[in-house]
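**Q** So that we are looking at the same thing, I have put the structure below in structure tokens.
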Amino acid sequence: MLRGNTVAVFDLGSSSIKAAGGFYRKNGSIKKMATGAVSAKGIKNGLVTDLDLAAQCLVDAKDHLAEQLCKPLESAWIGVSGGTVSSCVAQSCITVEGPDNEVDEFDLRRAAIAAEVAALPHRREALHIVPLFYTIDGQVQTDHPQGLFGQELALSATVISAELVQTQNVLRLARRAGLQVNGLLYSPWITGNAILSAVEKAKGAVYIDIGAEACDVVLFRNGAAQAVLTLPYGGGGV
């Protein structure tokens, strides 16, 4: 749950913790007000290795951002990368339950949850479910099924996930730093999705995030992330 009108994001890296914050406008957009970074300790290749050291670094980043925003921070989005992050393509099929068999937002959420359940073993947690395409009654393939008539809705999606040892320790880290977590984000996908144009993502593009200890690779095609890959090599080894 978001608290107040403040939004904050912390990106956890092996060499630094980057922060950005701002305020929600009345139209729902965000006015960016502050950014910053602090050196990171206790994080290696996206994994928390020392909770106390990492928590102190996150507290420093939180306090620095709060000082710039002139407002205390109670909650934030947390960006992760490297570590155990990977992806797979999953399929699901549900019965449409909307009035008059009209596909609605609830059906889309149910299809995404079903894809997540089908794709992930019990030791992994989904960060993002990225729809590739939907199929209605085995006949109509579409990117935008909401409002259409159908009895069955099938989804093909890219599921970006990480092992619980990565996600749960990040949540413990945030709580230790006094933050309520709005959600975990896979930073390279968020960044690549933001900076690449719609044409580039449609034709095919690769976004590479070179960190200190790992490289994250995101493959875009047909307008969506088709796959992500983490390589255990970073700029610190060059």
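**Q** Placing +1 on the Cβ of each Lys and Arg and -1 on the Cβ of each Asp and Glu in the range 87-160, which of P99, A157, V140 has its Cα farthest towards the positive end of the resulting dipole?
**A** A157
**Q** What span do the alpha-carbon atoms of the range 87-160 cover on each of the three principal axes, reported in whole Å from largest to smallest?
**A** Result for the range 87-160: principal-axis Cα extents of 39, 19, 16 Å.
**Q** For A202 and C93, calculate 0.36 nm times their separation in residues minus their Cα-Cα distance, and state this gained length in nm to one decimal.
**A** 36.7 nm
**Q** Tell me whether the range 149-238 comes out rounded, prolate or oblate; compute the Cα gyration tensor, take square roots of the eigenvalues as a ≥ b ≥ c, and use a/c under 1.5 as the rounded threshold.
**A** Oblate is the answer for the range 149-238, as a/c is 1.5 or above yet b/c matches or exceeds a/b.
**Q** Given Cβ point charges of +1 (Lys, Arg) and -1 (Asp, Glu) and nothing else, what value in debye, to the nearest 20, does the dipole of the range 87-160 about its Cα centre take?
**A** Charge dipole of the range 87-160: 480 debye, to the nearest 20.
**Q** Within a 10 angstrom radius of the beta carbon, how do W77, W189 rank from fewest other beta carbons to most?
**A** In increasing order of surrounding Cβ atoms, one gets W77, W189.
**Q** Assigning unit charges at the beta carbon (Lys, Arg +1; Asp, Glu -1) and nothing else, what dipole magnitude in debye, to the nearest 20, does the range 63-108 show about its Cα centre?
**A** Value, rounded to 20: 400 debye.
**Q** If you put +1 on each Lys and Arg Cβ and -1 on each Asp and Glu Cβ, how big is the dipole of the chain around its Cα centre, in Debye rounded to 20?
**A** Dipole of the chain, to the nearest 20 debye: 820 debye.
**Q** Let me ask something additional. Using only Cα atoms, locate the centre of the range 157-192 and the centre of the range 104-156, then give the distance between them in Å, rounded to an integer.
**A** Each part's Cα centre sits 22 Å from the other's.
**Q** In terms of modelled amide H atoms, which long-range or inter-chain residues lie less than 5 Å from the amide H of T49?
**A** Sorted by chain and number, the residues that satisfy this are I43, K44.
**Q** Give the calculated FRET efficiency between E102 and L51 to the nearest 0.05, with a Förster radius of 35 Å applied to their Cβ-Cβ distance.
**A** The computed FRET efficiency comes out at 0.15.
**Q** Would you list, by chain and number, the lysines whose Cα falls below 25 Å from the Cα of K32, excluding same-chain residues fewer than 8 positions away?
**A** K18, K62, K71
**Q** Along the charge dipole of the chain, which of N222, P72, T84 sits closest to the positive end, that is, farthest toward it, with unit charges on the beta carbon of Lys, Arg, Asp and Glu (+1, +1, -1, -1)?
**A** My answer, from the dipole projection, is P72.
**Q** Helix-only mean residue ellipticity at 222 nm, the chain, DSSP H runs n ≥ 4 weighted -39,500 (n - 2.57), per residue, nearest 500. What is it?
**A** -8000 deg cm²/dmol
**Q** On to the next question. Around S75, which amide H atoms from residues at least 5 apart in sequence, or from another chain, sit under 5 Å from its own amide H, with H modelled in the peptide plane?
**A** Those qualifying (amide H under 5 Å, at least 5 residues apart or on another chain) are Q180.
**Q** For the chain, what is the per residue volume of the convex hull drawn over the alpha-carbon atoms, in cubic angstrom?
**A** That works out to 137 Å³ per residue.
**Q** Right, something else. What number, in percent, do you get for the relative contact order of the chain if the mean sequence gap of Cα pairs under 8 Å and at least 6 apart is divided by its residue count?
**A** Computed value for the chain: 20 percent relative contact order.
**Q** From Cα pairs below 8 angstrom and at least 6 apart in sequence, can you work out the relative contact order of the range 167-233, rounded to a whole percent?
**A** Computed value for the range 167-233: 23 percent relative contact order.
Throughout, read-outs are computed from the coordinates displayed, never taken from laboratory work. Since the model is a prediction, treat every value here as computed from it, not as a measurement. Ideal geometry is used to build each Cβ from the backbone, glycine not excepted, and the neighbour counts take in all protein chains shown.
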